[in-house]
1. Which whole-number percent gives the relative contact order of the chain, counting Cα pairs below 8 Å spaced six or more residues apart?
2. Loop-only check: which GluC sites (Glu not before Pro) in segment 1-103 are DSSP coil with at most 14 other Cβ within 10 angstrom?
3. Say each of Q36 and E213 gets a label point 7 Å from the Cα, pointing the same way as Cα to Cβ; how far apart are those two points in nm?
4. Which of rounded, prolate or oblate describes segment 1-41 when judged by the alpha-carbon gyration tensor and an a/c cut-off of 1.5?
5. GNM, the chain, Cα, under 10 Å: largest mean-square fluctuation among G83, G199, G91?
6. Among the trypsin sites (Lys or Arg not before Pro) in segment 5-52, which ones are in a DSSP loop with at most 14 other Cβ atoms within 10 Å of the Cβ? Mind listing them?
7. By its C-alpha gyration tensor, with a ≥ b ≥ c as the square roots of the eigenvalues, how is segment 73-193 shaped: rounded for a/c under 1.5, else prolate for a/b larger than b/c, else oblate?
8. Taking the DSSP beta bridges in the chain as the whole, what percent of them are antiparallel, to the nearest 5?
Amino acid sequence: MDGGSTDGTLEMIAAYPGNKRVLRDVGGGISRAMNQGIEAARGEVIAHLHSDDYYVGPDVLATVARRFEEARAAGEPVDWVFGNIQVLKDGRLAPPNAMPPFSYGSFAAGRASIPHPAVFIRKAAFDRVGMFDEKLKYAMDIDLWLRLGAVARPAMVDRPLTVFREHAGSVSSANKIKARREEFAVRRRYMHKAPLAFGIYCLRYLKRMRALEAEAAYATA
């Protein structure tokens, strides 16, 4: 999905001999671009790998396919699989954070995370819960996980699958306070599904917002 790239990416893709499909000049924001990609995709499983990110090795897709198959063979087929990420910042690759087992309550409480670049979803699952909310700018993935997680438990791969490159231009990094506020509004939509977990999240949110506001005040002092 190309939103108007001018950095040579399109030329690089054109030179790649593999099977590919490029939709050019897709406007309207990140959520709309991802939704357009879902609609255009012809495969059974959808993954979103953004321009700054990359898979940790050539075995990632085979690992994910095997995890889907393992769940099916065990009689517990899943609609989505996720793994861990590593963050690359200032040329240094940080160790992955611990990844606790998924539960809806732990995710709703903000104690567990689902890193978008390491998520793989069956295309049919979007028919069940809908796609990304195109009105959201920062927390569209959390909104989707809260809808999807309520009806379909994911399978987990306990290893890094993707490297996320963090820099000053990253959407979530450059607008941390706005992102947190939007995330709060999104989580409040689903508080009825896990009210106690939402209460725990509120305490975490207040603590984090105070820290971010203090950081912003110090930066402008």
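1. Working: 284 pairs, mean separation 54.3, N = 221.
Taking the mean separation of contacting Cα pairs over the length of the chain, I get 25 percent.
2. Numbers: sites: E11, E39, E44, E69, E70; in loops: E44.
When the GluC sites (Glu not before Pro) of segment 1-103 are filtered for loop state and at most 14 Cβ neighbours within 10 Å, E44 remain.
3. With each label point 7 Å from Cα toward Cβ, the separation is 3.8 nm.
4. Details: a/c = 3.48, a/b = 1.38, b/c = 2.53.
Oblate shape, in that a/c is at least 1.5 and b/c is the bigger or equal ratio.
5. The residue with the greatest mean-square fluctuation here is G91.
6. Values: sites: K20, R21, R24, R32, R42; in loops: K20, R21, R24, R42.
Sites meeting the loop and neighbour criteria: K20, R21, R24, R42.
7. Working: a/c = 1.76, a/b = 1.17, b/c = 1.51.
Because a/c hits 1.5 or more and a/b fails to exceed b/c, segment 73-193 counts as oblate.
8. Working: 10 of 17 bridges.
Of those bridges, close to 60 percent are antiparallel.
Since every read-out is calculated from the coordinates, none of them should be taken as a lab result. This one's a predicted model, so the numbers in the text were calculated from it and none came from an experiment. Counting neighbours? That spans all protein chains shown, and the Cβs are built from the backbone with ideal geometry, glycine included.
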